[in-house]
Amino acid sequence: ILLICATCQGTMHASDIRDRLTGKLPAGFALRTVSCMAGCARPTTIGFQAAGKAQYLFGDITTQPELDALAAFAHQFAASHDGWTSATERPPALFRKTLSRMPAIGPEVGE
């Protein structure tokens with residue numbers, strides 16, 4: 001799932017981002033517009049989630065090349081068994097855009 005913050009007041013609105021990413025994501029990827037993801041100081045924020053994979057939040061997404069990098073990352077994320085990537089493995093346009101990477105929720109939760 002690619003999450004687009006609808007609350008961010010960046011240079012692109014969520015609907016524009018959605019339109020620009022449609023058709024560029026791997027098969028089976030869902031695009032969701034969501035309320036605030038608490039990245040308000042770095043609009044626009046974009047999140048990635050998938051069962052059993054690391055989760056990501058990117059911010060300061062303001063240009064088409066950054067959206068292209070997110071689409072490339074979506075393919076990388078989909079192909080990975082656990083979603084885990086280092087900053088140098090992600091598309092270069094995202095190098096300073098990563099706000100967080102959280103590990104996948106595993107069976108150890110609640111233990």
With -39,500 (n - 2.57) per DSSP H segment of 4 or more residues and division by the full residue count of the chain, the 222 nm estimate, nearest 500 deg cm²/dmol, is -6500 deg cm²/dmol
Rg(Cα)/(2.2 N^0.38 Å) for region 62-104, N = residue count:
1.11
Out of Thr22, Thr98, Thr45, a Gaussian network model of the chain with alpha-carbon springs under 10 Å gives the largest mean-square fluctuation to Thr22
Lone cysteines in the chain, defined as no other cysteine's Cβ under 4.7 Å from theirs: which are they?
Cys36, Cys40
Give the percent of DSSP beta bridges with both residues in the chain that are antiparallel, rounded to the nearest 5.
70 percent
Using the Karplus curve 6.51 cos²θ - 1.76 cosθ + 1.60 with θ = phi - 60°, work out ³J(HN,Hα) for each residue of region 32-43 in order, rounded to whole Hz, and write x for Gly and Pro.
10, 9, 10, 6, 2, 10, 6, x, 4, 6, 9, x
If N is the residue count of region 25-72, its Cα Rg over 2.2 N^0.38 Å rounds to 1.18
Percent of accessible area on the chain owned by carbon and sulfur, 1.4 Å probe?
56 percent
With +1 assigned to the C-beta of every Lys and Arg and -1 to the C-beta of every Asp and Glu, and no other charges, what is the dipole magnitude of the chain about the Cα centre in debye, to the nearest 20?
180 debye
Region 5-111, Cα convex hull volume normalised per residue, Å³
106 Å³
What longest region of the chain stays clear of trypsin sites (Lys or Arg not before Pro) that DSSP places outside H, G, I, E and B and that have at most 15 other Cβ atoms within 10 Å?
25-95
In whole Hz, what ³J(HN,Hα) sequence does region 75-84 give by Karplus (6.51, -1.76, 1.60; θ = phi - 60°), x for Gly and Pro?
5, 4, 4, 5, 7, 7, 6, 10, x, 7
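The values are calculated or read from the model by the stated rules, or taken from the named source; none is laboratory data. Predicted model only: the values in this text are computed from it and were never measured. Cβ sites come from the backbone with ideal geometry, for glycine too, and all protein chains shown count toward neighbours. Side chains are part of the model used for accessible areas, which takes the heavy atoms of the whole protein and leaves out ligands, DNA and RNA. Shrake-Rupley method; radii C 1.70, N 1.55, O 1.52, S 1.80 Å.
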